[in-house]
Amino acid sequence: MKIKVEEFPDEQMFTAVIEENQDSPETVGLPVGEMMYIPRDAYLDVYHTGIKPEFEGLGLASQLAKGAMDIVRKNGRKVYPRCPYLQHWLDKHPDYSDVVYE
């Protein structure tokens, strides 16, 4: 299963939508998760990452984190990972240390 991550600044969140699912093609286009933040002057204060229960355990939270951090990096921004999941993901992916606000 592959997801597409998009940012919605007005709603202060990144969303994960199923882009490809060979096992269940009818799920393509369904929103499956979100990463929510509060914009601060120098960073995005990320406080929540969630995947819908029926899609947990499929590695989608990791795909969401990577997609969101790629968007953050591309836009020259930083994150403060208050969300425990994002902090854990960043600890496991030191190649994204450049997006962490310190």
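Remarks
- Among the residues of the range 29-58, just one is in contact with an Asp or Glu (Cβ under 7 Å, 6 or more places away or on another chain) and either free of Cβ contacts under 8 Å to residues at least 24 places away in the same chain or farther than 20 Å from Val72 by Cα (or both), namely Gly50.
- Filtered by the rule that a residue be more than 22 Å from His93 (Cβ to Cβ), in contact with a Phe, Trp or Tyr (Cβ under 9 Å, 6 or more places away or on another chain) and not in a loop (DSSP other than H, G, I, E, B), the range 21-71 gives Thr27, Ile38.
- Some residue of the range 75-89 being touching a residue at least 40 places away in the same chain (Cβ under 8 Å) and out of contact with any helix residue (DSSP H, G or I) (no Cβ under 8 Å at 6 or more places or on another chain): yes
- For the range 48-70, the set of residues classified as over 15 Å from Val32 (Cβ atoms) and buried (at least 16 other Cβ atoms within 10 Å of the Cβ) consists of Met69 only.
- Pair list, Cβ < 6 Å and 6+ apart or interchain, from the range 1-17 residues that are over 12 Å from Ala68 (Cβ atoms) to residues that are charged (D, E, K, R) and in a loop (DSSP other than H, G, I, E, B): none
No value in this document is a laboratory result; all are computed from the given coordinates. Since we're looking at a predicted model, the values are computed, not measured. Methodologically, a virtual Cβ is constructed for each residue, glycine included, from the backbone with ideal geometry; neighbour enumeration extends over all protein chains shown.
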